[in-house]
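Below is one structure, written out as structure tokens; the observations come after it.
The values are calculated or read from the model by the stated rules, or taken from the named source; none is laboratory data. Given the structure is predicted, the values throughout are model-derived calculations rather than measurements. Note that we place each Cβ from the backbone using ideal geometry, even for glycine, and neighbour counts take in every protein chain shown. When the accessible area is computed, the model is the full protein with side chains, heavy atoms only, and any ligands, DNA or RNA have been set aside. Shrake-Rupley method; radii C 1.70, N 1.55, O 1.52, S 1.80 Å.
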Amino acid sequence: MSVTAPKKLSLKERYRILTRGLDWTPTYQEPAKIFPHAEFEGIKIRDWDGFVDPFRLTMDSYWKYQAEKERKLYAVLDSFQQNNGQTAITDGRYVNVLKIFLTAITPGEYQAHRGFAMLGRQVPNVGLRIAAQMQSLDELRHAQTQIHSCSHYNKYFDGLHSFSYQHDRVWYLSVVKSFFDDARTSGPFEFLIAIGFSFEYVLTNLLFVPFMSGAAYNGDLSTVTFGFSAQSDESRHMTLGLEAIKFILEQHEDNAAIVQKWIDKWFWRGYRILAILAMMMDYMLPKRIMPWKDAWDIYFNEAGGALFGDLARYGIKMPNTAEVANKEAFRLSTETMLTFYQMGHASGFHSWLPSEDELKWLAEAYGPEWERLYLPRFKYFRELEAKGEHYYNPSLPQLCQVCQIPMFFTEPDDPTKICFRDTVYNGDRYHFCSDGCQHIFEGEPEKYVQAWLPVHQVMQGNCGGATIDEIRKYWRVEDGEDNYDYVGSPDETMWKSWQADRLKVGS
Amino acid sequence: MHIDIKAASLQQKRQAYKHLAKRFGEDRPASRYEEGTLDLAPEANFHYRPLWDADHELYDKTRSKITMKDWYALRDPRQFYYANYNITRAGQIESVEHNFDMVEKRGMLTAIPAEWVERITFYLLPLRHYEWGANMNNCQITALGHGTALTAPTCFAMGDRLGIAQLIGRIGLALASNNETALNAAKDAWVNHPDWQGVRKMVEDSLVLEDPMELFLAQNLALDGIVYPLVYGAFSRESDRRGGAAISFLCSFMNEWYEETGKWVDAVIKVAAAENDENKALLKSWFAIWEARAVAAFKPLSVAVLGAEAGAQAIADVEATLKARAAKLGIA
Amino acid sequence: MSNVSITLYNNDESRGLIAAILKDNPASTTMRMPGVVKIDCPNKLTILRETVENELGRPWDVQQLHMSLVSLSGMVDEDDDYFTIAWNH
Ligand SMILES: [Fe+2]
Ligand SMILES: [Fe+2]
């Protein structure tokens, strides 16, 4: 044969040849030994080739586009550092949002990176493996760019200094850690539904879009740049999640029941994590972008509604707990905020009471029921503060066995009553924050009894000691610096000195 | 507005994240490689045992027989983190594009004699399947290896190997005027031709290795240490003589990549071997097994491409170079 | 019938892209937030390479969309000349 003039290949054809052709059917080793995770979850696949590639990036284009994104991002980070961009944010309080982000979300990005590597190795289909591998690379990118973006803030502000260490230990961070541990210890299909579909498709928009818009609004050039830049990978990830779920459902009608169970579980698991995001949006951004409830409506009820409308033809329904999430929408941020306010001594970031203006904004957003329920509490805490008696709750909270959040959520239909559920398993009683979490436990009790519950661990003496001082040391939460109220913190003192300088020069 | 604030009140409270300062023994500024790598992976307090591996924690040092006091000692001398990795590769791929353009414009592929096009199809194009095995192996190490110092660069290597597999695929398309024929013929050789079966068996066997460090050594040192110098060195030189210089030109990225990546592979093995005698003995025994297999597997191909005598000589040369390299790493 | 949606950076590079989308999808509505623009459209939204190139006045590869894309909602199909997002119901 000899080489003649080339024929024109379409994007789709070219991609197919350069990827799908890579695989072969192994004969020297059993396929089941090469892909040992493919079958144990009970998902039935008739034809792996039925998977549709979610996007068609060959590795050379991937390098090209990602390099371009990184060049832009790091140019912004460099100039942010040189120009001390941290002094241009709306208020020193804002940085607490970054503290939560770096300690809770960034290690989650890392877990997603490792999890997608697992998937990128274990699924017996080239197209799916490549999409997962690129996502693994992307998630490493997200972890690293977030660390690099926050690095400059860490030089000035407290609470950012030990993010990965704290993620393994601090009580509220175990909420996120257990979420990703749960997904990663599952099989490949469940991981795909958990992270690729439920988290990426249904929930990350809530995390990134309004939140990053908030960063932009608050003058945080560094975060808004990494945030939107990371989000530009997210649309690939969402498409992977959606193609994957369609593929699984189309392969065999028996798969729908398993998938529905995972959607129910992972919607609720993910939604519980978002409680802290709701608090950030409604209480921690000095300039607010939109109330949590509006973001929830746009990104869950509207976009999620369209999505589940589309999946209806496979017999897939909205998660069974969506109703409860909607009932909680007006109070989720407030219940969370009030808890953290009282746990300020045991947290790695600052909390504070909203100002009068902020309360007005919240009342307008959330209506008379919110005012009736919560304004008196804010008033009560404010009065204590005025007397110099900021309230901190000295007791160890009881945690939900599944989501690991303290029991502070209220009954779906009665916001004045804390919601408690419990189940006896093998002679022991386990406690839950909600029907959703109880349900998840009862589906796999042998998994959730293993949970590393921070409060239990403290009581068993595994966290440095029995006193709060010892425990804070174990957490590397610097007492008097990282914790308590923003008012009176070293962060506030520094921020005020910057403002004073600015005024002096200005006059 | 930054000029409004006096330098005095812009006093830095700390230079680096504390886990880094702790490692450095001082609070000094950290590089982006250090920030994005060190102590990044979870280390403690795992919640659930993996359903797919109940004998281990999710992150578990004991997946490998290699022991390290500090897995973050296995540094990457290139200091790659995601951004500089992608920017480096994007730059290299720009020259690859340029090379493809030039080869096409000058009709350099049409000038290759037909029988040598067939040889190229036989010896080069099946390697995209080898690369795909290498991609999966580095992916496996990324999933189950210990410490980000090791697993971030293996993730980059995973991407590299997909890139190289696709680069070979593009050469296959270019050789067949954008038809799949040459790639299909190459896949047939990979699956059925007797000369390729030793290689394919070796690759399939590597896919079931359980120890991530054995896998690292087998793939990235022993197998690659034979394949790259043989194919992109000896075979390329032969190709130049046979009128196929355009092919060596299109494969120049592979040579560049191998040289760069080899420095990282060497650094990892060297540090792991120097850590303790048990490590050294293990790495030594793994190297002996996989190096011998790689040599045996590639010998028929070397003979097929270069002839009996030159083929045997080429593989002997490549083996000698690899053994010398292993000796420097302390595992020969 | 449900909306599909695409969210793009609100920067100079995306301007031509946004203009092209609004031209080719007259039923769409936009929502502007700091830094981003969210465009919703009933059932299906199409991005045509040709229209974008006319808006930009230069060649544009459909995959360059990855540089401006922040989020989307709907099923994706892409080829050399178009990028569509649609729901099937
Ligand atoms: Fe991410
Ligand atoms: Fe719960």
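Quick check: residue separation of A:Lys261 and A:Leu503 times 0.36 nm, minus the Cα distance between them. What number comes out in nm? Walk me through the numbers on the way to the answer.
Values: separation 242, 0.36 × 242 = 87.12 nm, distance 5.84 nm.
Between A:Lys261 and A:Leu503, full extension yields 81.3 nm more.
Based on C-alpha coordinates, I'd like the Rg and Dmax of chain A, in Å.
Computed over the Cα atoms of chain A, radius of gyration and Dmax are 24.1, 92 Å.
P(r) for the protein assembly as shown: what percent of alpha-carbon pairs falls in each 10 Å bin, starting at zero?
Final binned percentages: 2, 12, 21, 25, 20, 12, 6, 2, 0, 0.
Output the 0 to 90 degree angle, nearest 10, between the alpha-carbon long axis of helix A:490-506 and the longest principal axis computed from the alpha carbons of chain A.
For A:490-506 against chain A, the angle is about 80 degrees.
So what's the gap between the Cα centers of the stretch A:166-194 and the stretch A:264-296, to the nearest angstrom?
Cα centroid of the stretch A:166-194 versus Cα centroid of the stretch A:264-296: 19 Å apart.
Output ³J(HN,Hα) for the stretch A:424-429: one whole-Hz value per residue in order, computed from phi by the Karplus curve 6.51 cos²θ - 1.76 cosθ + 1.60 with θ = phi - 60°, and x for Gly and Pro.
9, 9, 6, x, 10, 9
Could you give the length gained on full extension between A:Glu364 and A:His345, defined as 0.36 nm per residue of separation minus the Cα-Cα distance, in nm?
Length gained, A:Glu364 through A:His345: 3.8 nm.
Around A:Gln342, what is the net charge, scoring Lys/Arg as +1 and Asp/Glu as -1 over all other residues with Cβ under 12 Å from its Cβ?
So the environment of A:Gln342 carries a net charge of -1.
Report the relative contact order of chain A, percent, no decimals, based on alpha-carbon pairs under 8 angstrom and at least 6 residues apart.
Once divided by the residue count of chain A, the mean separation gives 16 percent.
Which FRET efficiency value, to the nearest 0.05, is calculated for A:Tyr392 and A:Lys496 with the Förster distance at 22 angstrom and r the Cβ-Cβ distance?
Rounded to the nearest 0.05, the efficiency is 0.40.
Loop only by DSSP, 12 or fewer other Cβ within 10 Å of the Cβ. Give me the trypsin sites (Lys or Arg not before Pro) in the stretch B:99-175 that pass, ordered by residue number.
Taking the stretch B:99-175 and a limit of 12 other Cβ atoms within 10 Å, the loop trypsin sites (Lys or Arg not before Pro) found are B:Arg106.
Mind checking the angle between helix A:255-279 and chain A's longest principal axis? C-alpha axes, 0 to 90 degrees, to the nearest 10.
Its long axis makes an angle of about 30 degrees.
Report, as an integer, the average count of C-beta atoms from other chains found within 10 Å of each Cβ along A:227-239. Intermediate results must be reported in sequence, preceding the final value.
Values: counts 2, 11, 3, 1, 6, 10, 2, 5, 11, 4, 0, 5, 6.
Rounded to a whole number, the mean comes out at 5.
P(r) of the stretch A:319-376 in 10 Å steps, Cα pairs, percent per bin?
Calculated over all Cα pairs of the stretch A:319-376, the distribution is 20, 45, 29, 6 percent.
Step through the table entries B:Lys65/B:Lys280; A:Lys69/A:Lys155; A:Lys69/A:Lys246; A:Lys8/A:Lys246, compare each Cα-Cα distance with 21 Å, and write down the pairs that go over it.
The pairs that break the limit, which is 21 Å between Cα atoms, are A:Lys69/A:Lys155; A:Lys69/A:Lys246; A:Lys8/A:Lys246.
Measure nothing but the geometry: give the 0 to 90° angle between the long axis through the Cα atoms of A:332-342 and the longest principal axis through the Cα atoms of chain A, rounded to 10°.
Roughly 50 degrees, rounded to the nearest 10.
Taking a quarter of the surface of the convex hull around the Cα atoms of chain C, what do you get in nm²?
That works out to 5.2 nm².
For chain B, list the DSSP H helices whose alpha carbon atoms reach 18 Å or more along the long axis and whose average Kyte-Doolittle value is 0.0 or above?
The answer, listed by residue number, is B:148-175, B:277-306, B:308-329.
For C:Asn88 paired with B:Gln11, estimate the spin-label separation in nm (one decimal), with each label point 7 Å from Cα along the Cα-to-Cβ line.
6.5
Sort A:Glu68, A:Glu389, B:Glu115 by heavy-atom solvent-accessible area, probe 1.4 angstrom, most to least.
So the residues, ranked largest to smallest area, are B:Glu115, A:Glu389, A:Glu68.
Can you tally the net charge around A:His252? Count Lys and Arg as +1, Asp and Glu as -1, for every other residue whose Cβ sits under 11 Å from the Cβ of A:His252. Don't skip to the answer; put the middle values down first.
Details: positive: A:Lys44, A:Arg46; negative: A:Asp47, A:Glu250, A:Glu253, A:Asp254.
Local net charge: -2.
Cβ neighbours within 10 Å, averaged per peptide: list B:192-198, A:145-151, B:180-186 in order, most packed at the top.
A:145-151, B:180-186, B:192-198
Find out how many positive minus negative residues lie around B:Ala218, taking Lys and Arg as positive, Asp and Glu as negative, among other residues whose Cβ is under 10 Å from that of B:Ala218.
Working: positive: B:Arg293; negative: B:Asp205, B:Asp211, B:Glu214, B:Asp224, B:Glu291.
Spelling it out: positives minus negatives among the neighbours equals -4.
Given a Förster distance of 51 angstrom, what is the FRET efficiency for A:Lys317 paired with B:Asp317, based on the Cβ-Cβ distance and rounded to 0.05?
About 0.20, to the nearest 0.05.
Mind listing the phi-derived Karplus ³J(HN,Hα) values for the stretch B:46-57, rounded to whole Hz, using 6.51, -1.76 and 1.60 with θ = phi - 60°, and x for any glycine or proline?
Karplus-based 3J(HN,Hα) across the stretch B:46-57 equals 7, 8, 9, 6, x, 5, 9, 6, 5, 7, 10, 6 Hz.
Could you give the distance between the Cα centres of the stretch A:15-65 and the stretch A:397-421, to the whole Å?
Between the Cα centres of the stretch A:15-65 and the stretch A:397-421 lies a distance of 43 Å.
So what are the ³J(HN,Hα) numbers for the stretch A:401-407, from phi and the Karplus equation (6.51, -1.76, 1.60; θ = phi - 60°), rounded to whole Hz, Gly and Pro as x?
Each residue of the stretch A:401-407 in turn: 5, 9, 7, 6, 8, x, 6 Hz.
Give me, ordered by chain and number, the residues 5 or more places off C:Val70 or on other chains with an amide H under 5 Å from its own placed amide H.
The list, which skips near neighbours in sequence, is C:Thr7, C:Leu8, C:Tyr9.
Given Cα positions, please report Rg to Rh for the stretch B:96-329, the hydrodynamic radius being the Kirkwood one.
Details: Rg = 17.6 Å, Rh = 18.1 Å.
Over the Cα atoms of the stretch B:96-329, Rg/Rh equals 0.97.
Take the alpha carbon atoms of the stretch B:116-189, find their center, do the same for the stretch C:1-59, and report the distance between the two centers in whole angstrom.
A separation of 37 Å, based on Cα centres.
Given Cα pairs under 8 Å that are at least 6 residues apart, what percent is the relative contact order of the stretch C:3-86? Display every interim value, and only then the final one.
Details: 153 pairs, mean separation 31.9, N = 84.
Rounded, it is 38 percent for the stretch C:3-86.
How large is log10 of I(q)/I(0) for the stretch B:156-195 at q = 0.30, 0.31, 0.32 Å⁻¹ when the intensity is taken from the Debye formula with one equal scatterer per alpha-carbon?
Ignoring solvent entirely, the Cα scatterers give -0.90, -0.91, -0.93.
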